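Asks: A single structure is presented below for examination.
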Amino acid sequence: MSITVRAPAKINLLLGVGPVREDGYHPLDTVYQAISLYDDVTVSTSATWSVSVEPIGEVDCSGVPLDDTNIAVRAGQLLTAHHGITRFASIGISKGIPVAGGMAGGSADAAATLVALDRLWDLQTSDDDLLAIAAELGSDVPFALLGGTAHGTGRGELVEPVADDGTWWWVVVPHPQGMSTPEVYRAFDALGGGGTSTAGVRDALASADLDGLAAAIHNDLQAAALELRADLRGTEADLRGAGVLATLLSGSGPTFLGLVADQDDAHHLREALIDAGHPGVVVATGPVAGTHLVNYV
Ligand code: ATP
């Protein structure tokens with residue numbers, strides 16, 4: 001028997017970062033949105049843990065570990081430990097979310113693996129326990145389970161759905177060279193600043209106010225990421241040149257996002273950006289559903 005579960009990429013419409021805490025984490029005030037780029041995770045029972053990965057479209061999977069450090073394997077191990085059982089699975093990842101792109105692809109795989117194995121082995125893990133295991137795996141994993149649009153606090157692991165009346169369209173510009181999240185946070189610490197509130201973004205979402213959202217989206221890590229990778233300024237300039245309503249660095253980068261008015265604009269701007277030398281540009285919409293079952297054979 002095998003089970004396939006789909007999990008979405010996330011973007012942070014507002015990423016407010018506070019000063020580093022004593023435990024080394026930064027307190028976050030963020031609004032997540034799940035967008036229509038997905039990883040599919042297929043699991044079946046096996047004699048040992050194993051993981052394989054294949055790209056969907058142009059995604060470069062070379063940075064994905066194929067041993068026990070893959071977060072999907074860690075998710076499986078944590079779930080079996082939680083239930084006190086000894087079982088193993090082979091985990092196949094079809095990857096449509098850019099790797100190390102600030103879109104939480106690894107977190108999506110972890111969330112999908114939890115849901116898939118829970119179903120495969122009929123573990124009936126409660127939602128609260130799944131969210132707790134997810135939080136242990138990583139700050140972005142609980143949101144990958146939840147999907148939609150949500151307010152994130154703590155280190156991002158405490159998630160609550162927020163009102164979002166819009167259907168938002170994005171052009172997504174991945175970068176061939178990923179960025180290290182800890183390195184971006186170190187650069188942020190050196191620069192100082194941050195602490196931007198999510199209030200403006202939440203108001204704009206609740207009233208489906210496109211101009212309001214364009215004015216309010218913001219990422220406190222953006223200045224630090226641009227300092228580390230000056231070439232991203234060119235990407236941002238190309239997005240503006242193509243005519244997006246607003247630009248935004250996704251999470252800790254290097255993926256850049258452009259907010260556009262509708263689906264037609266998104267496709268036109270994608271063409272313009274490809275012509276400007278960004279071959280990997282994709283169109284995405286949000287909010288979309290969180291981690292969900294897609295196949296059961
Ligand atoms: P972060 O969640 O650290 O901000 P990100 O969203 O930028 O990361 P991910 O695609 O989640 O990017 O990958 C971050 C790193 O995690 C990768 O460079 C890779 O070494 C490691 N990794 C472990 N498991 C996975 C996985 N299943 N998919 C992708 N990367 C993984």
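Asks: For region 1-34, give me each residue that is among the hydrophobic types (A, V, I, L, M, F, W, C) and either surrounded by fewer than 24 Cβ atoms within 10 Å (Cβ to Cβ) or more than 19 Å from P98 (Cβ to Cβ) (or both). Before you say what the answer is, go through the steps one by one.
Replies: Within region 1-34, the first condition is being among the hydrophobic types (A, V, I, L, M, F, W, C), and the residues that meet it are 1, 3, 5, 7, 9, 11, 13-15, 17, 20, 28, 31, 34.
Result: M1, I3, V5, L14, V17, V20, L28, V31.
Asks: So which residues in region 205-232 are of a type in the set (A, V, I, L, M) and without any contact (Cβ under 8 Å) to a residue 24 or more places away in the chain, if there are any at all?
Replies: Here is the first cut: in region 205-232, the residues of a type in the set (A, V, I, L, M) are 205-206, 208, 210, 213-217, 221, 223-226, 228, 230, 232.
Result: L226, A230.
Asks: Now for a different question. Restricted to region 38-50, and to residues that are open to solvent by 20 Å² or more (accessible area, probe 1.4 Å) and within 16 Å of the ligand (Cβ to nearest atom), which residue is nearest to A224 (Cα to Cα)? Lay out the reasoning, then the answer.
Replies: Applying the first criterion (open to solvent by 20 Å² or more (accessible area, probe 1.4 Å)) to region 38-50 yields 38, 40, 42, 44-50.
Checking which are within 16 Å of the ligand (Cβ to nearest atom) leaves us with 38, 40, 42, 49-50.
Numbers: Y38: 27, D40: 32, T42: 37, W49: 38, S50: 36 Å.
By that ranking, first place goes to Y38.
Asks: Of the conditions (1) part of a helix (DSSP H, G or I); (2) touching a Gly at 6+ places or on another chain (Cβ under 8 Å); (3) open to solvent by 20 Å² or more (accessible area, probe 1.4 Å), D164 fails just one. Which one is it?
Replies: It fails just one condition, (1).
This table checks each residue for (1) within 26 Å of L78 (Cα to Cα); (2) assigned to a strand (DSSP E or B); (3) in contact (Cβ under 8 Å) with a residue 40 or more places away in the chain; (4) among the small types (G, A, S).
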{"residue": "M1", "(1), (2), (3), (4)": "yes, no, yes, no"}
{"residue": "A7", "(1), (2), (3), (4)": "yes, yes, yes, yes"}
{"residue": "K10", "(1), (2), (3), (4)": "yes, yes, yes, no"}
{"residue": "P19", "(1), (2), (3), (4)": "no, no, yes, no"}
{"residue": "H26", "(1), (2), (3), (4)": "yes, no, yes, no"}
{"residue": "A34", "(1), (2), (3), (4)": "yes, yes, yes, yes"}
{"residue": "S44", "(1), (2), (3), (4)": "yes, yes, yes, yes"}
{"residue": "V53", "(1), (2), (3), (4)": "yes, yes, yes, no"}
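Asks: Any residue in region 186-198 that is within 25 Å of S36 (Cβ to Cβ) and crowded, with 18+ Cβ neighbours inside 10 Å? Before the answer, list the steps.
Replies: Narrowing region 186-198 to residues within 25 Å of S36 (Cβ to Cβ): 198.
Filter once more, so that each one left must be crowded, with 18+ Cβ neighbours inside 10 Å: 198.
Yes, there is a match, as at least one residue in region 186-198 is within 25 Å of S36 (Cβ to Cβ) and crowded, with 18+ Cβ neighbours inside 10 Å.
Asks: For the condition within 29 Å of V159 (Cα to Cα), within 16 Å of the ligand (Cβ to nearest atom) and either acidic (D, E) or surrounded by 21 or more Cβ atoms within 10 Å (Cβ to Cβ) (or both), what is the one hit in L221, L213, L205?
Replies: Details: L213 fails: within 16 Å of the ligand (Cβ to nearest atom); L205 fails: within 16 Å of the ligand (Cβ to nearest atom).
Every option except L221 fails the conditions.
Asks: Let me ask something else. Considering only residues that are β-branched (V, I, T) and surrounded by fewer than 24 Cβ atoms within 10 Å (Cβ to Cβ), which ones fall in region 112-148? I'd like the intermediate steps shown before the answer.
Replies: Step one: filter region 112-148 for residues β-branched (V, I, T), giving 113, 115, 125, 133, 141.
Of everything in region 112-148, those that are β-branched (V, I, T) and surrounded by fewer than 24 Cβ atoms within 10 Å (Cβ to Cβ) turn out to be T125, I133.
Asks: From the list L66, L130, L78, which residue is within 20 Å of T4 (Cα to Cα), in a helix (DSSP H, G or I) and within 14 Å of the ligand (Cβ to nearest atom)? Steps first, please.
Replies: On the way: L66 fails: in a helix (DSSP H, G or I); L130 fails: within 14 Å of the ligand (Cβ to nearest atom).
On inspection, the qualifying residue turns out to be L78.
The values are calculated or read from the model by the stated rules, or taken from the named source; none is laboratory data. Remember, it's a predicted structure, so these values are computed and weren't measured experimentally. Because the Cβ atoms are built from the backbone with ideal geometry, glycine has one as well, and the counts that use them run over all protein chains shown. Heavy atoms of the whole protein, side chains included, go into the accessibility calculation; ligands, DNA and RNA do not. Shrake-Rupley method; radii C 1.70, N 1.55, O 1.52, S 1.80 Å.
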